[in-house]
2 protein chains.
Amino acid sequence: MEIQIAVAKTNRYATAESGDTLEVVERPNGGVSVVLADGQTSGRAAKIISSIVVRQVIGLLAEGVRDGAAARAASDHLFTERSGRISATLNILSADLQTGTLVITRNNPTPIFIARVEKIECLTGESTPIGTSRNIRPAITEIPLELGLTVVLYTDGVWNAGDQYGSHLDVCTLLEATLEEQEPPAQEIADTLLAQAIRLDHGRPNDDMSVVVLRVIPNEEEGIRRMGVRLPVPVTSPFNQ
Amino acid sequence: MEIQIAVAKTNRYATAESGDTLEVVERPNGGVSVVLADGQTSGRAAKIISSIVVRQVIGLLAEGVRDGAAARAASDHLFTERSGRISATLNILSADLQTGTLVITRNNPTPIFIARVEKIECLTGESTPIGTSRNIRPAITEIPLELGLTVVLYTDGVWNAGDQYGSHLDVCTLLEATLEEQEPPAQEIADTLLAQAIRLDHGRPNDDMSVVVLRVIPNEEEGIRRMGVRLPVPVTSPFNQ
């Protein structure tokens, strides 16, 4: 079997910089982790906060620190540096090949969707952003890595898409419809969700938006890892011809 | 335009762990960097070395340190920790949107291929692996990020593929043939090169193999970043069904 992770990400309309930061890092005992943080507000200030958080978490994970401890460290660090005045949401999604589980660490009230054969669950339990007080704990969910598993998470820009126009993204229905196809690639699901969120904001995203999709799919081919990045160069950039 | 990065990676035959470590990190002033290290020997010991090197380099790049300074820091750190007894090769490939350039930092004698319209160049200048002495400097090449640019780099497992059977990977010809197609995706080029290298080793890679391909291609769509990871779960894993 194979673990597929896909990310699709865009900025708030007319904002050069996204306040969402996302990095993927290899786990030292096998597997991979996706770390996604969204700093309070948007633009440069938010970007600095979310970068600090993600940098710290990936550094700790790469050293073998457990996900929950890494999230708590990032919260304490942010609280100490900014005296509790700045918060950030944080999600860590880890495919841990040592335990054979998917570990979902949430400091983010935005729900996470878990689809298994014929069933879509939604993690919506209470969850506090990091950095606002001492002793903030993440909500941690651990489930077996099994064929057919699909997990979707995103930042609040996607969750709140369409709010100003009185509409709302129905992730559950959209996900169900997409999964009815024969094994859609994770990237296709992420692209569909992001495109729909942008559409609900009438083509002008009201906030930074990031979508992460993880799937466990069958794979006969052995032992080849792949990674891909696609980075658009802003049309305003002097290097864009 | 859009920057596409693709990676394909496999382990030495019958070795659970690859000595090559590769991570992709966002540059704080815009753009993305790929950091690839190959620790001396293979398996667990090599993995530890290459992880330390890559972790340090991505940490420094994420803080805004320039590529050359990050490579020198990693070399001095490795030299100090292992008293010069262990070496590692290091490549940093950065698409820097602040300067509009591609920065290639090499501490690796394995050549790098640069294809521009109708012309394939090969960077083969002398280049020393890191960690073996004080004052090791990387070879740095900076070229404009322009449409049609394709860069290919890999670890010595690919370079030496077929050696034991008296054959050799002709990257230049293979790359020319692939690029003759209409805009092949970076992933297709990386997959083709890795598959050919594995074939030259008769299906049993004699060393860890990693291939990185960067392309600058036209793109009309605006402002959506994408990232994908595909991680095979080893068939020996108890979780693989």
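Any residue in the stretch B:174-188 that is exposed (fewer than 13 other Cβ atoms within 10 Å of the Cβ), away from chain A (no Cβ under 12 Å) and not in a loop (DSSP other than H, G, I, E, B)? Within the stretch B:174-188, one or more residues are exposed (fewer than 13 other Cβ atoms within 10 Å of the Cβ), away from chain A (no Cβ under 12 Å) and not in a loop (DSSP other than H, G, I, E, B). Within the stretch B:29-51, the residues that satisfy the criterion of being closer than 21 Å to A:L22 by Cα, more than 16 Å from the chain's Cα centre (by Cα) and surrounded by 18 or more Cβ atoms within 10 Å (Cβ to Cβ) are B:G30, B:G31. Restricting attention to the stretch B:208-239, the residues that are at the interface with chain A (Cβ under 7 Å from one of its Cβ atoms) and either at pLDDT 90 or above or in contact with an Asp or Glu (Cβ under 6 Å, 6 or more places away or on another chain) (or both) add up to 10.
The set of residues in the stretch A:145-173 being in a helix (DSSP H, G or I), closer than 18 Å to A:P205 by Cβ and away from chain B (no Cβ under 14 Å) consists of A:D156, A:W159, A:D163, A:Q164, A:Y165, A:V171. Checking every residue in the stretch B:145-158 against the condition of being exposed (fewer than 13 other Cβ atoms within 10 Å of the Cβ) and either touching a residue at least 40 places away in the same chain (Cβ under 8 Å) or hydrophobic (A, V, I, L, M, F, W, C) (or both) gives zero matches. B:R204 satisfies every condition listed in (1) farther than 26 Å from B:A46 by Cα; (2) out of contact with any strand residue (DSSP E or B) (no Cβ under 8 Å at 6 or more places or on another chain); (3) modelled with pLDDT of 90 or more except (1).
Please specify each residue of the stretch B:108-137 satisfying the condition of being among the charged types (D, E, K, R) and part of a loop (DSSP other than H, G, I, E, B). B:E118, B:E126, B:R134, B:R137 - these are the residues of the stretch B:108-137 that are among the charged types (D, E, K, R) and part of a loop (DSSP other than H, G, I, E, B). Applying the set (1) at pLDDT 90 or above; (2) in contact with a strand residue (DSSP E or B) (Cβ under 9 Å, 6 or more places away or on another chain) to B:L123 leaves exactly one unmet item: (1). Would you mind finding the one in B:G166, B:G162, B:G131 that is without any contact (Cβ under 8 Å) to a residue 24 or more places away in the chain, more than 14 Å from the chain's Cα centre (by Cα) and over 30 Å from A:P232 (Cα atoms)? B:G166 is the lone residue from the list that is without any contact (Cβ under 8 Å) to a residue 24 or more places away in the chain, more than 14 Å from the chain's Cα centre (by Cα) and over 30 Å from A:P232 (Cα atoms). Listed conditions (1) among the hydrophobic types (A, V, I, L, M, F, W, C); (2) under 30 Å from B:R204 (Cβ atoms); (3) exposed (fewer than 13 other Cβ atoms within 10 Å of the Cβ) are all met by A:I217, apart from (3). If you take the residues of the stretch A:16-28 that are charged (D, E, K, R) and surrounded by fewer than 21 Cβ atoms within 10 Å (Cβ to Cβ), which of them is modelled with the highest pLDDT? Looking at the filtered set, the residue picked out is A:R27. Of the residues screened, A:I112 is not one that is within 14 Å of chain B (Cβ to nearest Cβ) and crowded, with 20+ Cβ neighbours inside 10 Å.
Checked against the criterion of being closer than 23 Å to B:G30 by Cβ and in contact with a helix residue (DSSP H, G or I) (Cβ under 7 Å, 6 or more places away or on another chain), the candidates A:G59, A:G43 yield just one match: A:G59.
The residues on offer are A:A177, A:A139, and the sole one that is at negative phi and touching a Lys or Arg at 6+ places or on another chain (Cβ under 9 Å) is A:A139.
The values are calculated or read from the model by the stated rules, or taken from the named source; none is laboratory data. This structure is a prediction, so every number in the text was calculated from the model and none was measured. FYI the Cβ positions are ideal-geometry reconstructions off the backbone, even for glycines, and counts take in every protein chain you see.
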